[in-house]
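The values are calculated or read from the model by the stated rules, or taken from the named source; none is laboratory data. Everything numeric here is computed off the predicted structure, so don't read it as measured data. Note that each Cβ is placed from the backbone with ideal geometry, even for glycine, and that neighbours are counted across all protein chains shown.
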Amino acid sequence: MKIFVLNCGSSSVKYQLFEMDNETVLAKGRVERIGMDSATLTHKATGKEEVHQTSSILEHTTAIRKVLAVLTDPKHGVIKNVGEIAAVGHRVVHGGEFFSDSVLITDEVKAAIKSCIDLAPLHNPPNLIGIQAAQELMPGIPHVAAFDTAFHSTMPRRAFLYAIPYVLYRRYRVRRYGFHGTSHKYVSRRAAEVLGRPVDELKIITCHLGNGASIAAIKGGQSIDTSMGFTPLEGLVMGTRSGDLDPGIIPYVMAKEELGMGEVNAMLNKHSGLIGISGVASDMREIEEEMSKGDAKAKDAFDIFTYRVVKYIGAYAAAMNGVDAIVFTAGVGENSPAVRATVCENLKFLGVKLDPEKNEVRGKEADISAPGARVRVLVIPTNEELVIARDTKEIVEKLNIGD
Amino acid sequence: MDIKKVGIVGGGTMGRGLAEHAADKGYDVVIIDKSPALLHEARAGIELSLQKRQEKWAITEAEKRVILGRIQFSDTLADVSTAGIVVETVTEDLDLKKEIFRSIDQICDRRVVFASNTSTLSITELAASTYRPEKVIGLHFLNPVPKMKLVEIVRGLKTSEETVRLAKDFVASLDKTGVEVYESPGFISSRLIFPLINEAMYALMEGVATAESIDTAMKLGYDMARGPLEMADRIGLDSLLIAMERLWRDYGDLKYRPCPLLRKLVRGGNLGVKTGQGFFKYDKEGDLIRS
């Protein structure tokens with residue numbers, strides 16, 4: 001069964017085509033700069049040359065049409081015609097309180113995604129446009145939505161409610177939703193496999209450290225808390241986002257600097273985090289490089305970043321009354337031995353002990369803990385697309401049984 | 001038709017503001033002025049404004065470059081030929097505006113809509129200088145364009161429904177709220193605010209209170225972001241005088257008669273923010289210098 005996974009951003013489309021019979025990637029790629037005359041399509045079929053095309057792509061329908069054309073291209077393609085695609089899985093950022101799992105897309109589902117636009121104004125609109133475009137181009141097959149928020153829907157009320165007037169939750173659904181759910185779910189499942197134990201008897205802390213970063217407490221396979229909140233701004237220090245701060249700072253700075261809502265929002269989302277502190281880079285690789293040259297602000301950025309991760313791991317170990325494994329994933333988590341070493345250095349009291357040599361691993365799955373360590377530390381490359389493809393396959397199979 | 005590019009004729013305060021804002025919202029922009037020197041000034045003005053926004057964390061360095069990259073500066077009016085809408089933002093001089101409308105009417109595709117940013121002149125009269133009066137409309141943006149949410153959408157006598165609809169969509173795409181107005185001198189905003197500003201100048205001239213006190217009273221008493229005298233400085237006292245004389249002539253009503261103090265300041269070359277001195281003093285970046 002071939003499943004096509006789509007991730008539509010405001011000016012980009014990322015895709016992967018899976019053969020789910022053996023869970024292999026047949027092709028993957030992305031379209032960038034949609035809306036411009038110089039949009040680019042990068043496509044790589046497994047075992048074939050990478051293809052680059054530049055052309056005018058003004059909206060998502062054209063972008064997806066081009067992707068389908070290259071997928072069926074005799075030279076670069078992997079399928080003969082679009083009819084071979086059995087189903088499409090769509091990544092959707094915000095499912096609000098409506099969705100606790102991936103779902104078959106119906107008109108009602110689309111209406112619900114639309115009603116969450118307020119909660120994710122940058123992400124849900126292009127997600128919806130992508131669904132609409134894909135349904136037009138690939139009619140008659142199931143389309144499935146997988147939500148970034150869904151995995152965290154198991155959080156208890158004490159974790160998702162904020163201690164602000166309750167009426168704000170009732171009126172506007174102001175609460176913690178959490179993000180990167182697909183990633184936290186995937187790496188926690190994979191961690192259980194690596195450890196050779198059922199996920200429902202494990203306490204796992206998953207650290208998704210990328211340009212956006214979040215951390216989750218996963219007890220018995222269920223997310224019971226996560227660091228991102230109502231928006232993806234809360235929690236860890238990120239490339240350009242502040243993460244946690246005293247809310248009292250916001251009105252104070254707004255008054256002092258005469259800032260409006262838009263400005264303070266942009267300040268916290270685009271000018272804070274690693275770039276805000278270091279002034280040199282939002283990318284951890286560059287921060288580490290500057291730090292090695294003796295840049296004090298880059299060192300500050302690194303220290304604040306890792307310290308925040310340590311605090312969250314400590315907090316989540318307490319929240320679960322213990323921890324069996326800590327997982328590092330995403331760009332920084334998979335590729336920075338320095339970040340992992342610094343974080344774990346401060347977790348010895350929990351029973352964490354790294355094997356310095358194994359910790360040198362980059363971008364590959366590995367158990368990097370020292371022999372006999374009470375808490376295992378794993379590096380697991382995330383694979384959100386595969387989770388979406390699996391969910392899609394599962395839903396399609398249920399449909400077929402129903403027939 | 002679908003608008004991708006906005007043509008702006010006039011690189012003064014309003015033209016720059018609109019160029020910056022339209023580019024920020026994703027439009028390609030071509031801005032026309034008479035000479036390379038004026039265009040250089042316009043570019044410097046837009047750069048400064050973006051710089052200030054960046055310092056206030058509203059945009060990033062990359063976003064700033066993208067916005068500037070979308071704006072083309074030209075001293076050749078014919079370059080508006082590729083625009084989907086042309087907005088004229090030159091000074092409130094009827095003959096000059098008519099001349100511009102006559103010229104762009106020759107240059108642009110028949111389907112292109114022309115808008116004037118005039119605050120006082122007749123759209124009907126401007127429209128009459130073209131062969132497409134149904135495609136001419138007023139779009140009165142307020143200064144500073146990136147910040148002010150309001151646009152008065154002004155119908156001339158012959159403006160078509162289709163043109164109004166297109167103008168409304170354009171205004172909405174700029175993230176502004178449009179209010180529809182039938183042609184009448186000063187529309188809503190100028191007609192109501194100019195007498196207030198004028199009265200503030202009379203109060204100052206009569207020695208009722210200092211400029212600071214007048215502005216403080218209105219700011220705190222009526223929750224205004226700026227007092228009337230600072231508003232006058234920001235509009236530009238020369239522009240204000242021309243606009244008020246126009247209103248006075250059109251309505252023939254004494255309540256629009258410009259205060260003699262305004263004439264005196266204009267004669268003396270104290271034109272407000274643009275010269276650094278009006279009712280108050282301003283630094284090079286246009287920020288009020290508090291005494």
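Worth a mention:
- Apart from one condition, A:Ser278 fits all of (1) in contact with a Lys or Arg (Cβ under 6 Å, 6 or more places away or on another chain); (2) hydroxyl-bearing (Ser, Thr, Tyr); (3) within 14 Å of chain B (Cβ to nearest Cβ); the exception is (3).
- For segment A:80-112, filtering for residues that are out of contact with any helix residue (DSSP H, G or I) (no Cβ under 9 Å at 6 or more places or on another chain) and either buried (at least 21 other Cβ atoms within 10 Å of the Cβ) or at positive phi (or both) leaves 0.
- Qualifying positions in segment A:126-161 - over 29 Å from A:Pro247 (Cβ atoms), among the hydrophobic types (A, V, I, L, M, F, W, C) and outside any helix (DSSP H, G or I): A:Met138, A:Ile141, A:Val144, A:Ala145, A:Ala146
- The lone exception for A:Glu97 - which of (1) touching a residue at least 40 places away in the same chain (Cβ under 8 Å); (2) touching a strand residue (DSSP E or B) at 6+ places or on another chain (Cβ under 9 Å); (3) charged (D, E, K, R) it fails: (2)
- Filtered by the rule that a residue be closer than 25 Å to A:Val264 by Cβ, surrounded by 15 or more Cβ atoms within 10 Å (Cβ to Cβ) and among the aliphatic types (A, V, I, L, M), segment B:19-67 gives B:Ala22, B:Ala23, B:Ile46, B:Leu50, B:Ala58, B:Ile59, B:Ile67.
- Taking segment A:76-101 as the range and being part of a loop (DSSP other than H, G, I, E, B) and basic (Lys, Arg) as the test, only A:Lys80 passes.
- Here A:Ser214, A:Ser188 are screened, and the one residue that is polar (S, T, N, Q), crowded, with 17+ Cβ neighbours inside 10 Å and over 13 Å from the mean Cα position of the chain (by Cα) is A:Ser188.
- Entry remark, segment B:200-237: residues being touching a Gly at 6+ places or on another chain (Cβ under 9 Å) and modelled with pLDDT of 95 or more number 14 in total.
- Among the candidates B:Phe194, B:Phe279, residue that is surrounded by 15 or more Cβ atoms within 10 Å (Cβ to Cβ), in contact with a helix residue (DSSP H, G or I) (Cβ under 8 Å, 6 or more places away or on another chain), among the aromatic types (Phe, Trp, Tyr) and under 30 Å from B:Glu47 (Cβ atoms): B:Phe279
- Residue count, segment A:23-56 (criterion: surrounded by fewer than 16 Cβ atoms within 10 Å (Cβ to Cβ) and under 15 Å from A:Asn383 (Cα atoms)): 2
- Test: A:His60 is at pLDDT 90 or above and either within 27 Å of B:Asp28 (Cβ to Cβ) or of a type in the set (Phe, Trp, Tyr) (or both): no
- Among the residues making up segment A:45-64, those that are part of a strand (DSSP E or B) and within 19 Å of A:Val82 (Cβ to Cβ) are A:Ala45, A:Val51, A:Gln53, A:Ile57.
- Candidate set: segment A:5-22, residues that are assigned to a loop (DSSP other than H, G, I, E, B) and over 15 Å from the mean Cα position of the chain (by Cα); chosen: the one surrounded by the fewest Cβ atoms within 10 Å (Cβ to Cβ): A:Asn22
- Residues of segment B:213-226 satisfying the condition of being surrounded by 15 or more Cβ atoms within 10 Å (Cβ to Cβ) and either in contact (Cβ under 8 Å) with a residue 12 or more places away in the chain or acidic (Asp, Glu) (or both): B:Ile214, B:Asp215, B:Met218
- Of the residues making up segment B:35-60, those that are more than 18 Å from the chain's Cα centre (by Cα) and either basic (Lys, Arg) or within 10 Å of another protein chain (Cβ to nearest Cβ) (or both) are B:Lys52, B:Arg53, B:Gln54, B:Glu55, B:Lys56, B:Trp57, B:Ala58, B:Ile59, B:Thr60.
- Checking each residue in segment B:110-122 for being modelled with pLDDT of 95 or more and either surrounded by fewer than 24 Cβ atoms within 10 Å (Cβ to Cβ) or of a type in the set (Gly, Ala, Ser) (or both) picks out B:Val112, B:Ala115, B:Ser116.
- Residue selection: A:Gly333 fails the criterion of being surrounded by fewer than 21 Cβ atoms within 10 Å (Cβ to Cβ), away from chain B (no Cβ under 14 Å) and more than 22 Å from B:Ile59 (Cβ to Cβ).
- Subset of segment A:260-282 [buried (at least 19 other Cβ atoms within 10 Å of the Cβ) and among the aliphatic types (A, V, I, L, M)]: A:Val264, A:Ala266, A:Met267, A:Leu268, A:Leu274, A:Ile275, A:Ile277
- Segment A:342-386, subset of a type in the set (D, E, K, R) and assigned to a strand (DSSP E or B), residue nearest to A:Arg308 (Cα to Cα): A:Arg376
- Within segment B:77-96, the set of residues being surrounded by 23 or more Cβ atoms within 10 Å (Cβ to Cβ) and not in a loop (DSSP other than H, G, I, E, B) comprises B:Val80, B:Ile85, B:Val86, B:Val87, B:Glu88.
- In segment A:223-275, of all residues being acidic (Asp, Glu) and closer than 23 Å to A:Arg175 by Cα, the one that is farthest from the other protein chains (Cβ to nearest Cβ) corresponds to A:Asp225.
- Selection within segment B:161-189 - over 25 Å from B:Lys25 (Cβ atoms) and either at pLDDT 95 or above or in contact with a helix residue (DSSP H, G or I) (Cβ under 8 Å, 6 or more places away or on another chain) (or both): B:Glu183, B:Ser184, B:Pro185, B:Gly186
- Selection status of B:Thr89, among the β-branched types (Val, Ile, Thr), modelled with pLDDT under 95 and over 28 Å from A:Val253 (Cβ atoms): no
- Residue count for segment B:27-70, restricted to those that are closer than 26 Å to A:Ala281 by Cα and outside any helix (DSSP H, G or I): 6.
- When residues of segment B:161-188 are limited to those that are surrounded by fewer than 17 Cβ atoms within 10 Å (Cβ to Cβ) and among the polar types (S, T, N, Q), the one nearest to B:Asp215 (Cα to Cα): B:Thr177
- Of the candidates A:Glu334, A:Glu345, the single residue that is touching a Gly at 6+ places or on another chain (Cβ under 6 Å) and more than 16 Å from A:Met228 (Cα to Cα) is A:Glu334.
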